[in-house]
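K.L.:
Here it is, the structure, as structure tokens.
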Amino acid sequence: MRFQCVAAAALFLGLTTGVSAQYSSDRPIRMLVPFASGSGTDISARLLAQSLSESIKRPVLIDNRPGALGTIATDAAAKAPPDGHTLVATGNTALAAGPSLFKKLPYDPVKDFSPIYLLATAPLALFVATDSSAKTLQDLIVLARAQPGKLSFASGNATGVVGGELLKQLAEIDLLHVPYKNSPQALIDVASGTVTMMFNDLAGATPLMKAGRIRALAITSKVRSPVLPDVPSLYESGYQSYELYNWVGILAPAGTPREIVDFLAVEIGKITVKPEIKERFGRVGLDLVASSGPAEFGAFIAREIALWSRQIKAAGLQPQ
């Protein structure tokens, strides 16, 4: 799997010693999140922030700044002082898909950041309202073909946009795209029937699934999710070229002292191998990357930019 990053732990041994001296003050660390509270990225960041605060004996505060497909918070992080007090929990939407979705980004996803750690990956599911007449993916496609342009799909991030557009292309159906500022509100409108469907990560959809308001028709990974073992993948449903994942990583502004970057990578790495942390992430469909590091994460971002460029072209999308 392309998300498996191998890091040599020996590169980081001993870097924690005396790192506190690298911080200019005892101020808390601010972790910017480019999506709303309750989104998959937000859930990942909050799960990490609690453990990281305990590990480094310094408060890590979440700062949600949703909007513009994640670019607002990501840009704020790029322009923050590189002193280790500002981090960003961001991912494929703002870093990998952004260069192909926007004619001009206010930041360079490679040059303007110091990658720290690839934290987690997650497949998406195609959700509809529980009372939808579509009980399977094929039911939904049949309905869409019978009503060209009448069924709609919501999106709150780049993966949602590309997910819907890819389904249109591969299934040869006509769907109306309804963009939202954030995924939680979009999911609520799917649950109410205002919008027909939506591709979203399982973490952000868990509350509405547990409440019985939405259900999943298909998973975007090649294999089924342990969280939804009875839900087939699009791959096994006949769409072998369909595979989409969200991912989230932790970055600092470019120029952040290497000692701080390495220190944080070590501490996050220690957190991700704890069984109780794995269980918390896994419970909501998030797969922790237990072996990562700054160099590996940087190389991963470069590969993902190329991958998302191909996926966006396949979906027929043009930069705006």
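K.L.:
Can you put Ile29, Ile250 in order of Cβ neighbours within 10 angstrom, beginning with the fewest? Don't skip to the end; give the middle numbers.
P.N.:
On the way: Ile29 20, Ile250 25.
Going from sparsest to densest Cβ surroundings: Ile29, Ile250.
K.L.:
Sticking with this one: Across every pair of different alpha-carbon atoms, what Kirkwood hydrodynamic radius in Å does region 52-180 reach?
P.N.:
Working: mean 1/r = 0.0575 Å⁻¹.
Its Kirkwood hydrodynamic radius stands at 17.4 Å.
K.L.:
Follow-up question, since we're still on this one. Over region 123-219, what is the relative contact order in percent, taking alpha-carbon pairs closer than 8 angstrom and at least six residues apart? Please report the intermediate quantities before stating the final value.
P.N.:
Details: 174 pairs, mean separation 44.4, N = 97.
Computed value for region 123-219: 46 percent relative contact order.
K.L.:
Tell me what the chain gives for mean residue ellipticity at 222 nm when only DSSP H runs of n ≥ 4 count, each as -39,500 (n - 2.57), the sum divided by the residue total, rounded to 500 deg cm²/dmol. All intermediate terms of the calculation are to be shown ahead of the outcome.
P.N.:
Working: 10 runs with 117 residues, N = 320.
Only helices count here, giving -11500 deg cm²/dmol.
K.L.:
Can you list the residues, at least 5 places off or on another chain, whose amide H is less than 5 Å from the amide H of Ala218, using H built in the peptide plane?
P.N.:
Counting only residues 5 or more places away or on other chains, the set is Leu126.
K.L.:
Compute the angle between helix 183-192 and the longest alpha-carbon principal axis of the chain, please, reported from 0 to 90 degrees and rounded to the nearest 10.
P.N.:
Helix 183-192 and the main axis of the chain meet at about 20 degrees.
K.L.:
So what J values fall out for region 140-153 if you push phi through Karplus, 6.51 cos²θ - 1.76 cosθ + 1.60 with θ = phi - 60°, rounded to Hz, Gly and Pro as x?
P.N.:
Here the 3J(HN,Hα) series is 5, 5, 4, 4, 5, 5, 7, 9, x, x, 8, 7, 10, 10 Hz.
K.L.:
Starting from the Cα-Cα distance between Leu176 and Ala299, subtract it from 0.36 nm times their residue separation and give me the gain in nm to one decimal. Write out the running numbers ahead of the final one.
P.N.:
Numbers: separation 123, 0.36 × 123 = 44.28 nm, distance 3.57 nm.
Computed gain between Leu176 and Ala299 is 40.7 nm.
K.L.:
Follow-up. Which of the three applies to region 206-250, rounded, prolate or oblate, going by the alpha-carbon gyration tensor with a ≥ b ≥ c and a/c under 1.5 meaning rounded? Don't skip to the end; give the middle numbers.
P.N.:
Details: a/c = 2.32, a/b = 1.20, b/c = 1.93.
In terms of gyration-tensor shape, oblate.
K.L.:
Per the Debye formula with a single identical scatterer at each Cα and no solvent contribution, what log10 I(q)/I(0) holds for region 123-219 at q = 0.13, 0.18, 0.20 Å⁻¹?
P.N.:
Taking Cα atoms of region 123-219 as identical point scatterers yields -0.35, -0.71, -0.89.
K.L.:
Taking H placed 1.01 Å from N in the peptide plane, check which residues at least 5 places from Thr86 or on another chain put their amide H under 5 Å from its amide H.
P.N.:
For Thr86, the qualifying residues are Arg30.
K.L.:
Work out from phi, with θ = phi - 60° and the Karplus expression 6.51 cos²θ - 1.76 cosθ + 1.60, the ³J(HN,Hα) of each residue of region 109-117, listed in order in whole Hz, and give x for Gly and Pro.
P.N.:
x, 9, 6, 8, 9, 10, x, 10, 7
K.L.:
Non-local amide H neighbours of Ser152 (under 5 Å, H modeled in plane, Pro and chain starts lacking H): which ones?
P.N.:
Sorted by chain and number, the residues that satisfy this are Leu176, Thr196, Met197.
K.L.:
On to the next question. Just rank Ile301, Ile188, fewest to most, by other beta-carbon atoms within 10 angstrom.
P.N.:
Values: Ile301 21, Ile188 16.
Lowest count first: Ile188, Ile301.
K.L.:
Taking the Cα atoms only, what angle lies between the long axis of helix 294-314 and the longest principal axis of the chain, rounded to 10 degrees?
P.N.:
Here the helix axis deviates by roughly 20 degrees.
K.L.:
Here's a follow-up. Under the Karplus relation 6.51 cos²θ - 1.76 cosθ + 1.60, θ = phi - 60°, what is the ordered set of whole-Hz ³J(HN,Hα) values for region 155-167, x standing for Gly and Pro?
P.N.:
Computed from phi, the couplings for region 155-167 are 8, x, 7, 5, 5, x, 5, 5, x, x, 5, 5, 4 Hz.
Any read-out appearing in this document is the output of simple, stated calculations on the displayed coordinates, not a laboratory observation. Remember, it's a predicted structure, so these values are computed and weren't measured experimentally. Glycine also receives a Cβ, built like all others from the backbone with ideal geometry; neighbour counts cover every protein chain displayed.
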